[in-house]
Amino acid sequence: MESNMTNDMHLGTERTDVLHPYGVSSESDCRLSAGVSLHSTACLLSDVPTGLSQNPVGVQDVKQVVKRSGTPALTPHDTSWIIAGPCSVETEAQILATAKALAEIPEVKLLRGGIWKPRTRPDAFEGRGEEGLVWLREAKLETGLPVATEVATTAHVELALKYEVDALWIGARTVVNPFLVQQLADALQGVDIPVLIKNPVSPDLNLWVGAFERFQKAGVTQLMAVHRGFSYYKETPYRNFPMWEIPIELTRRLGVPLITDISHICGNRELLQATAQKALDLATDGLMIECHINPDEALTDAKQQITPEGLKQLLASLTFRTKDANIVERDLAGLRGEIDDIDSELLQLLARRMEVSAQIGEYKKSHNATVVQLDRWKKILDDHIATGQDLGLSPQLINKVFEAIHQASIERQTRVMEN
Ligand code: PEP
Ligand code: MN
């Protein structure tokens, strides 16, 4: 597939638009502003402990720091805006090597790394915790890439802020629980950090919307949606079934940027390319892709992770569109999805109507009544035309539709009579 990435990509190495200075611990001139690179900010480095903290900072203290510092926006500016990084931060060497390779790819704007991993079964690798945050910050300082991690408890929030994580994401297993979401929103009250909200595991649009509302009410202004697919009642080729119409409807309602996490949708490498292209065609604002320096050895989600080199190839194979065109596509896709849903309801209703009609046929047969009862039919049609007019539907349309339905009903009842 031909790539048109160069047309609309920000190919420059500038990543400074997405940085914010959680590292600043005093009101000195150390504060970063958009346009200042992490590499050139020695005073930021001076504030970075090299190991685990002996003296933990409370959430309140962290909030003070963050409030003073301000937060440049971290939002996608074109459709080739990529969040990449390993499913889990495993070792210092793993995250540093992965981050350095990813930093060479201009489309990569944010480095992801799971520090606390929600695992289905106990005794699986559950993430490195605080130690991993030290390495993640090291990766950020070495590469200039801002970093993101998943938080599921207020203790996670506290630690993530303490270690200057630039953006947080709320995982699919957390978004299903309004109590947890509220606790996280409360913990972030007044902290202007970008928060990415994954869809809940279940295909429940309102639950997803509710999570946004909780953070919005807490004053978190930089919110993004991450579509990672949904649990589905039957086997599909995907790990999590995309159900594209749900994220499309969410963005239609909320107007938030949408990132598609193709790795968790697919669950394997083979589906990544087609799924990424589909996401771009439906107008995603960016992609989240799990990358590991040695995917086969990954402690979590080994099957779906790709190397940084694999990411380069994947990106080269994709067709990126301009955002405006994408938005038109997305709006249309949302409206078309709505039409499909309505048509499907109409079909169900028609089938039910025919079923009831057949039952009436049985009754008429056993009571020797005629199939066509003109008075009743005339009354039904008059009533429907009047109701239709109240609803803004023309008498011609009502006539045509109900003539056809009535005709089909008569045929059905006639068949019943004849049997
Ligand atoms: C992850 O991003 O590694 C993760 C656990 O994702 P999700 O919450 O979408 O399952
Ligand atoms: Mn994962």
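Out of the residues in the range 79-93 meeting the condition of being β-branched (Val, Ile, Thr) and under 17 Å from the mean Cα position of the chain (by Cα), tell me which one is farthest from ligand 1 (Cβ to nearest atom). This residue is Thr79.
Is one or more of the residues making up the range 94-102 over 26 Å from Val181 (Cβ atoms), free of Cβ contacts under 8 Å to residues at least 60 places away in the same chain and under 25 Å from the mean Cα position of the chain (by Cα)? Working first, answer last.
Of the residues in the range 94-102, the ones over 26 Å from Val181 (Cβ atoms) are 94-102.
Now drop any that are not free of Cβ contacts under 8 Å to residues at least 60 places away in the same chain, which leaves 95-96, 99-100.
Restricting the remaining residues to those that are under 25 Å from the mean Cα position of the chain (by Cα) gives 95, 99.
Checked the range 94-102: at least one residue is over 26 Å from Val181 (Cβ atoms), free of Cβ contacts under 8 Å to residues at least 60 places away in the same chain and under 25 Å from the mean Cα position of the chain (by Cα).
Taking the range 172-186 as the range and being over 19 Å from Met243 (Cα atoms) and either crowded, with 21+ Cβ neighbours inside 10 Å or touching a Lys or Arg at 6+ places or on another chain (Cβ under 6 Å) (or both) as the test, the residues that pass are Thr174, Val181, Gln182, Leu184, Ala185. Among the candidates Ala351, Ala358, the residue that is in contact with a Lys or Arg (Cβ under 6 Å, 6 or more places away or on another chain) and either more than 17 Å from Glu245 (Cβ to Cβ) or exposed (fewer than 14 other Cβ atoms within 10 Å of the Cβ) (or both) is uniquely Ala358.
For the condition modelled with pLDDT of 95 or more, at positive phi, more than 16 Å from ligand 2 (Cβ to nearest atom) and not hydrophobic (A, V, I, L, M, F, W, C), Gly70 does not qualify. The set of residues in the range 130-162 being away from ligand 2 (no atom under 16 Å from the Cβ), closer than 20 Å to Leu188 by Cβ and part of a loop (DSSP other than H, G, I, E, B) consists of Pro146, Thr153.
Can you tell me which condition Arg321 does not meet? The list is (1) in a loop (DSSP other than H, G, I, E, B); (2) more than 24 Å from Pro106 (Cα to Cα), and all the others hold. All conditions are met except number (2). Just one of the listed residues (Thr120, Thr153) is modelled with pLDDT under 95, within 16 Å of ligand 1 (Cβ to nearest atom) and either within 21 Å of Ile265 (Cβ to Cβ) or out of contact with any helix residue (DSSP H, G or I) (no Cβ under 6 Å at 6 or more places or on another chain) (or both), and it is Thr120. Summed over the range 221-235, residues that are at pLDDT 95 or above and on the phi < 0 side of the Ramachandran plot total 8. Among the residues of the range 99-108, are any at pLDDT 95 or above, under 25 Å from Leu299 (Cβ atoms) and not aliphatic (A, V, I, L, M)? For the range 99-108, residues at pLDDT 95 or above, under 25 Å from Leu299 (Cβ atoms) and not aliphatic (A, V, I, L, M): present. Taking the criterion of being surrounded by 11 or more Cβ atoms within 10 Å (Cβ to Cβ), over 19 Å from Leu349 (Cβ atoms), among the aliphatic types (A, V, I, L, M) and touching a residue at least 40 places away in the same chain (Cβ under 8 Å), would at least one residue in the range 378-387 satisfy it? No, the range 378-387 contains no residue that is surrounded by 11 or more Cβ atoms within 10 Å (Cβ to Cβ), over 19 Å from Leu349 (Cβ atoms), among the aliphatic types (A, V, I, L, M) and touching a residue at least 40 places away in the same chain (Cβ under 8 Å).
Evaluation of Phe215 against the conditions (1) crowded, with 21+ Cβ neighbours inside 10 Å; (2) away from ligand 2 (no atom under 16 Å from the Cβ); (3) closer than 30 Å to Lys100 by Cβ shows that the sole unmet condition is (3). With the requirement that a residue be assigned to a helix (DSSP H, G or I), more than 15 Å from the chain's Cα centre (by Cα) and within 16 Å of ligand 1 (Cβ to nearest atom), what does the range 276-310 give you? Within the range 276-310, Pro295, Ala302, Lys303, Gln304 qualify.
If you scan the range 264-275, which residues turn out to be free of Cβ contacts under 8 Å to residues at least 40 places away in the same chain and either under 15 Å from Asn199 (Cβ atoms) or outside any loop (DSSP other than H, G, I, E, B) (or both)? Break it down stepwise before answering.
Within the range 264-275, the subset free of Cβ contacts under 8 Å to residues at least 40 places away in the same chain is 265-268, 270-271, 274-275.
If the condition is that a residue be free of Cβ contacts under 8 Å to residues at least 40 places away in the same chain and either under 15 Å from Asn199 (Cβ atoms) or outside any loop (DSSP other than H, G, I, E, B) (or both), then Ile265, Cys266, Ala274, Thr275 are the ones that fit.
Applying the condition of being within 13 Å of ligand 1 (Cβ to nearest atom) and within 10 Å of the chain's Cα centre (by Cα) to the range 207-241 and asking which residue is farthest from Val181 (Cα to Cα) yields Gly229. Scanning the range 163-188 for residues that are in contact (Cβ under 8 Å) with a residue 60 or more places away in the chain and in contact with a strand residue (DSSP E or B) (Cβ under 7 Å, 6 or more places away or on another chain), we see that the one that is farthest from ligand 2 (Cβ to nearest atom) is Asp166. If the condition is being within 16 Å of ligand 2 (Cβ to nearest atom) and under 19 Å from Leu110 (Cβ atoms), then the range 194-212 contributes Leu196, Lys198, Asn199.
Before we move on, is Ile259 of a type outside the set (Lys, Arg) and crowded, with 24+ Cβ neighbours inside 10 Å?
Numbers: of a type outside the set (Lys, Arg): yes; crowded, with 24+ Cβ neighbours inside 10 Å: yes.
Judged against the criteria, Ile259 is a match.
From the list Glu126, Glu164, the one residue that fits, being of a type in the set (Asp, Glu), away from ligand 1 (no atom under 13 Å from the Cβ) and either farther than 18 Å from Ala218 by Cα or touching an Asp or Glu at 6+ places or on another chain (Cβ under 7 Å) (or both), is Glu164.
If I ask for residues that are under 14 Å from Val147 (Cβ atoms) and within 14 Å of ligand 1 (Cβ to nearest atom), which ones from the range 99-117 would you list? Explain how you work it out, then say what you get.
Looking only at the range 99-117, we keep the residues that are under 14 Å from Val147 (Cβ atoms), and these are 99-100, 102-103, 108-115.
Residues satisfying the conditions are Leu110, Leu111, Arg112, Gly113, Gly114, Ile115.
The values are calculated or read from the model by the stated rules, or taken from the named source; none is laboratory data. On a predicted model such as this, the values are computed, not experimentally measured, just so you know. Cβ coordinates were reconstructed from backbone atoms using ideal geometry, including for glycine residues, and neighbour counts include every protein chain displayed.
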